[in-house]
Amino acid sequence: MILLALDSTENTATVALTRDRELLGQATLRAGLTHSETLLPLLETLRRGAHLTYDDIDLFVTSAGPGSFTGVRIGAATLKGLAFGQNKPCLGVSACEALAYNLIGFDGLAVAVMDARRGQLYNAIFAVENSLLRRLTPDRVIAAEDLIEELRSYSQPIRFAGGGYAIAHEAAKDLTTVRDTPALLRHQNAYSTALAGLALVESGTDLAAFTDRSLSPVYLRPSQAERTRNGG
């Protein structure tokens, strides 16, 4: 199965092509440009370099949130358009779970920490053992200090990944179980998005049910515009 995966939920724009778990190619850009400017050029460069057409893709996968409202929307819309054009299934996976797959090579806790502003993080905690991922919490919005208090109850080595990495590390500076995450694994990685999609497929998910119409962004909380309108 050939997968095309992308993630634009934070500042990183990243795309990948895989044959099952085999990485065929990946392109990542953190240049401060909007994802509407970067995603399609990255996809085109990658696809042509791999000598594939969009018709060769069996499954389209995106990190559907949580994350930047604009980034999540752009990623979902891009993937829906590609999948619709080819009449192929498309999956939305948790951005937090995709980040946890960055850390699949380290036993311990994989803690997704995406900057949700206002001193908060989009977060989920996963246990990793022998390259297997097990979810311990749902995706959620949590204050950095509350997350660190929760992590004090665990004895396993802890690694963070996501745009809230520096925030979480600073909040956890007296937590002896925290380990540094290699720089290449701290941000979104479309190969990890593909692995999260494959996990759904291997769990027996019926791909026929996952069309461009079924893919919806996941925000976890109202946008800034909605909060302003509602007096928040």
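The values are calculated or read from the model by the stated rules, or taken from the named source; none is laboratory data. Bear in mind the structure is a predicted one, so any value in this text is a computation, not a measurement. Here the Cβ is made from the backbone with ideal geometry for all residues, glycine too, and neighbour counts use every protein chain on show. Areas reflect the complete protein model, heavy atoms only, side chains present, ligands, DNA and RNA absent. Shrake-Rupley method; radii C 1.70, N 1.55, O 1.52, S 1.80 Å.
Here are the numbers:
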item	result
Candidate set: segment 169-194, residues that are assigned to a helix (DSSP H, G or I) and open to solvent by 30 Å² or more (accessible area, probe 1.4 Å); chosen: the one farthest from Glu150 (Cα to Cα)	Tyr191
Filtered residue count, segment 111-166, keeping only those that are of a type in the set (D, E, K, R) and assigned to a strand (DSSP E or B)	7
Any hit, segment 73-82, residues being without any contact (Cβ under 8 Å) to a residue 24 or more places away in the chain and under 28 Å from Ala124 (Cβ atoms)	yes
Any pair with Cβ under 8 angstrom, 6 or more apart, that starts in segment 199-218 at a residue that is in contact (Cβ under 8 Å) with a residue 40 or more places away in the chain and within 17 Å of Ser63 (Cα to Cα) and ends at one that is of a type in the set (S, T, N, Q) and surrounded by 11 or more Cβ atoms within 10 Å (Cβ to Cβ)	Leu215/Thr62; Val218/Ser94
Qualifying positions in segment 147-168 - buried (at least 17 other Cβ atoms within 10 Å of the Cβ) and touching a strand residue (DSSP E or B) at 6+ places or on another chain (Cβ under 8 Å)	Leu147, Leu151, Ile158, Arg159, Phe160, Ala161, Gly162, Gly163, Gly164, Tyr165, Ile167, Ala168
Enumerated strands (runs of 3 or more DSSP E) restricted to segment 1-51, each holding at least 2 residues that are crowded, with 21+ Cβ neighbours inside 10 Å and out of contact with any Asp or Glu (no Cβ under 7 Å at 6 or more places or on another chain)	2-7, 13-19
